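I have placed the structure first, in the form of structure tokens, so that the comments after it can refer back to it.
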Amino acid sequence: MAHINISDAKYYDNRELSWLKFERRVLNEALVKELPILERLKFVGITSSNLDEFFMVRVASLKDMEHAGYTKPDIAGMTPTEQLIAINEKTRELVDFEYSTFNRSLTPLLKESGIILYEKYEDLNENQLKYIDSFFMSQVYPVLTPMAFDASRPFPLIRNKSLNIAALIEKKADTVGVGTKTGNDDVEFATVQVPSVLPRFVSLPSDDKNRYCFILLEQIIERNMDKLFLNYNVVAASPYRIMRNADFNIDEEGAEDLLIEIEKQIKSRQWGEVIRLEVESSVNKKLLAILKKNLGVNEIDIYKIKGPIDLTFLMKLYGIEGHSNLRSPKFIPQENPRLRPGEKIFDEIKRGDILLHHPYQTFDPVVDFIAQAAFDPQVLAIKQTLYRVSGNSPIITSLARAAENGKQVTVLVELKARFDEENNIIWAKKLEKAGCHVIYGLVGLKTHCKIALVVRREEDGIKRYVHLGTGNYNDSTAKLYTDCGILTCRESYGEDATAVFNMLSGYSEPASWNKLVVAPLWLRDTFIRLIDREIRHARDGKEAHIIAKMNSLCDKEIIEKLYEASNAGVKIELIIRGICCLRTGIEGVSENIHVTSIVGAYLEHARIFYFYNSGREDIYMGSADWMPRNLDRRVEIIFPVEDEFLKKQVKHILDVQLADNLKAYEMTDDGNYVRIKPLRGKKSASAQETFCREAKRNNEPEFDFARRRTFTPILANEVSDE
């Protein structure tokens with residue numbers, strides 16, 4: 001066979017297009033007939049929300065490159081301009097499919113289920129029209145601020161992501177007003193923002209008590225636009241929404257105060273360059289022309305929507321009171337069998353390492369780890385990294401209490417966590433006020449690792465307890481994201497944890513590590529070395545096997561090394577939730593690589609890495625994906641799972657995910673994805689449902705976890721169709 005250049009762009013997928021494929025997989029969940037209607041609608045709302053962030057960050061970044069004249073191609077051989085063209089094509093396909101699904105499939109089903117969305121106020125009966133007119137005058141009108149645009153008043157600044165209504169108005173024939181005409185047949189332009197402080201959907205009176213009727217707020221405003229412009233006729237009115245460039249770069253070395261600089265950037269985020277304009281498909285041409293000119297958008301940036309603009313409201317509709325039959329039964333996270341409420345967590349950790357698997361097991365042990373430390377008189381110090389936390393974080397409260405109780409508390413709060421900057425600034429100030437030592441990380445690097453250290457004085461001396469995880473210290477998202485973590489008091493982990501915090505808070509750089517692998521200096525080389533070892537074993541005729549589960553894979557050096565491993569005969573199984581720039585099934589390149597992606601009720605978020613190592617089976621978990629930013633531009637931690645019982649548990653997690661034939665997709669040799677279906681005679685198997693059942697079973701009184709039973713993988717043909 002001729003030599004193959006594995007760096008050739010044809011062997012790679014573009015990062016942005018791969019992400020759009022993931023969004024299509026998310027949207028596909030809205031088509032699953034077995035799911036209740038509100039669950040299906042929620043996936044439409046999630047897709048809309050994800051697409052917003054994609055434009056504000058990824059598309060905005062590509063536009064910046066294009067404006068700067070940057071023409072270097074990516075690993076798939078595409079320049080920024082070529083990527084923007086391809087993104088535009090695929091995004092329009094995605095949006096069309098999204099609204100087709102919403103309009104044709106879901107809205108009728110919603111109506112059959114007793115929930116009626118009136119998309120146009122013209123469809124309301126007389127009683128409902130009277131209601132919304134009264135609602136407008138009492139609840140909406142006082143909040144609105146109509147903005148005119150003419151020769152004396154500049155075009156209003158439109159807030160990022162805000163929903164607005166644009167109008168063309170003309171003076172009534174029998175009145176004389178003040179102001180200068182636009183010159184467009186005496187028609188003037190005005191706009192009003194739909195208030196975000198009011199609910200997006202408004203309940204309507206209904207003759208049928210078994211039906212819930214509602215209409216969107218913009219329709220109520222549009223019907224009553226004439227009340228905002230006295231002595232004017234409303235010629236045309238239409239909702240619209242813009243998306244702005246929300247990314248920002250901080251000169252950390254030049255910034256005198258990072259916190260103040262980020263606060264400034266957060267405010268400016270609302271007024272970045274407009275990169276997307278959404279309008280109704282029936283928008284008045286003259287109205288659209290005014291918007292297009294004054295917002296500075298090109299035709300490629302305009303999306304004509306066939307339905308309500310901004311479907312993110314569907315995520316709030318999911319939470320409407322009642323209608324529990326239209327949602328899936330809520331799974332309650334189970335207690336970890338090793339950690340019962342009321343028990344001292346440090347005593348249990350001393351008995352052996354503890355594996356945590358969220359959301360199947362409750363996040364409470366992580367919260368309790370810090371809470372108990374805050375009030376334990378034997379605890380001397382607590383150190384923790386925080387990337388994203390909940391709006392009312394119990395961990396923040398415990399850290400503050402610990403400082404007030406006289407303990408040494410050091411907290412690294414990552415101020416540059418995208419779209420959580422403002423929240424993190426608030427927490428940083430609260431912690432400082434309580435007496436915590438708050439640090440913001442290393443210049444030029446985001447601190448993304450998940451680590452907490454508790455230093456405790458005990459009878460035999462100082463003992464260090466460590467929590468390491470794959471996900472954030474966020475008790476809210478821990479109910480929605482699948483993550484893993486361990487609690488340990490192994491001395492080697494404690495020494496490394498101390499070194500991590502010394503590195504983050506000062507100028508210390510450890511000469512070596514006992515167990516932890518830390519980015520950006522050591523992680524890439526470690527992964528390359530681990531893959532190389534499997535390559536050597538395969539070439540020596542030994543069994544070689546790699547399983548890697550993560551969110552994204554787009555690092556070219558890692559992908560090239562995986563191609564080399566595949567060529568050497570290493571069996572490679574990748575569980576990649578989102579972006580995957582690697583291609584499978586290419587002769588001489590990737591025949592031995594299999595890629596799956598699981599999309600279910602929970603967001604797959606754990607990072608787990610398995611290397612067969614001639615049967616010794618090395619397993620690592622941590623916070624890093626195989627992306628350049630994780631390997632080179634962030635502080636990340638990958639840690640080995642050393643307890644043999646825990647290793648079997650983690651391997652079981654991987655095996656169950658690889659056996660999923662209900663919520664998993666596999667990549668085909670053309671780079672697309674198809675849903676995996678059970679083979680004839682086999683039962684369907686959902687990994688997430690399996691873990692829910694196991695968590696319940698393992699928590700039953702007769703299940704004596706203390707005996708450390710071996711987890712037996714449930715194969716596809718052993719799982720029922722529940």
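The values are calculated or read from the model by the stated rules, or taken from the named source; none is laboratory data. As the structure is a prediction and not an experimental result, all values here were calculated from the model. Positions of Cβ are generated from backbone atoms using ideal geometry, with glycine treated the same way; all protein chains shown enter the neighbour counts.
Annotations
- There is no residue in the range 617-631 that is part of a strand (DSSP E or B), under 21 Å from the mean Cα position of the chain (by Cα), acidic (Asp, Glu) and crowded, with 22+ Cβ neighbours inside 10 Å.
- Summed over the range 467-477, residues that are outside any loop (DSSP other than H, G, I, E, B) and more than 23 Å from Lys647 (Cβ to Cβ) total 1.
- Condition check for Phe527 on (1) in a helix (DSSP H, G or I); (2) in the same structural domain as Tyr387 (by TED's automatic domain parsing): one failure, at (2).
- Residue list for the range 112-138, filter: within 16 Å of Arg40 (Cα to Cα) and part of a helix (DSSP H, G or I): Glu112
- Annotation: of all residues in the range 666-690 being among the hydrophobic types (A, V, I, L, M, F, W, C) and either over 25 Å from Ala606 (Cβ atoms) or surrounded by fewer than 21 Cβ atoms within 10 Å (Cβ to Cβ) (or both), the one that is farthest from the chain's Cα centre (by Cα) is Leu679.
- Boolean, Ala548 is more than 21 Å from Ala374 (Cβ to Cβ), in a strand (DSSP E or B) and of a type in the set (Gly, Ala, Ser): yes
- Test: Leu168 is out of contact with any strand residue (DSSP E or B) (no Cβ under 9 Å at 6 or more places or on another chain), at pLDDT 85 or above and either in a loop (DSSP other than H, G, I, E, B) or not small (Gly, Ala, Ser) (or both): no
- Considering the range 585-616, the residues that are among the hydrophobic types (A, V, I, L, M, F, W, C) and part of a strand (DSSP E or B) include one that is nearest to the chain's Cα centre (by Cα), namely Leu603.
- Every residue from the range 206-242 that is under 30 Å from the mean Cα position of the chain (by Cα) and not charged (D, E, K, R): Phe214, Ile215, Leu216, Leu217, Pro239, Tyr240, Ile242
- Residue count for the range 139-163, restricted to those that are part of a loop (DSSP other than H, G, I, E, B) and either aliphatic (A, V, I, L, M) or under 36 Å from the mean Cα position of the chain (by Cα) (or both): 12.
- Counted residues, the range 556-584 - those being assigned to a loop (DSSP other than H, G, I, E, B) and either hydroxyl-bearing (Ser, Thr, Tyr) or more than 13 Å from Asp13 (Cβ to Cβ) (or both): 4
- If you go through the range 483-519 and pick out every residue that is surrounded by fewer than 19 Cβ atoms within 10 Å (Cβ to Cβ) and not charged (D, E, K, R), you end up with 13.
- Cβ-Cβ under 9 Å pairs, at least 6 apart or on other chains, the range 202-218 side closer than 17 Å to Glu321 by Cα, far side surrounded by fewer than 20 Cβ atoms within 10 Å (Cβ to Cβ) and acidic (Asp, Glu): Ile215/Glu119; Ile215/Asp123
- Ala86 modelled with pLDDT of 95 or more, aliphatic (A, V, I, L, M) and within 24 Å of the chain's Cα centre (by Cα): yes
- Among the criteria (1) basic (Lys, Arg); (2) under 17 Å from Gln384 (Cβ atoms); (3) modelled with pLDDT under 95, the one Arg456 does not fulfil is (3).
- Filter pass, Glu278 being touching a Lys or Arg at 6+ places or on another chain (Cβ under 6 Å) and either closer than 30 Å to Tyr620 by Cβ or surrounded by fewer than 21 Cβ atoms within 10 Å (Cβ to Cβ) (or both): yes
- Number of the condition not met by Val570 [criteria: (1) under 30 Å from Ile46 (Cα atoms); (2) surrounded by 21 or more Cβ atoms within 10 Å (Cβ to Cβ)]: (1)
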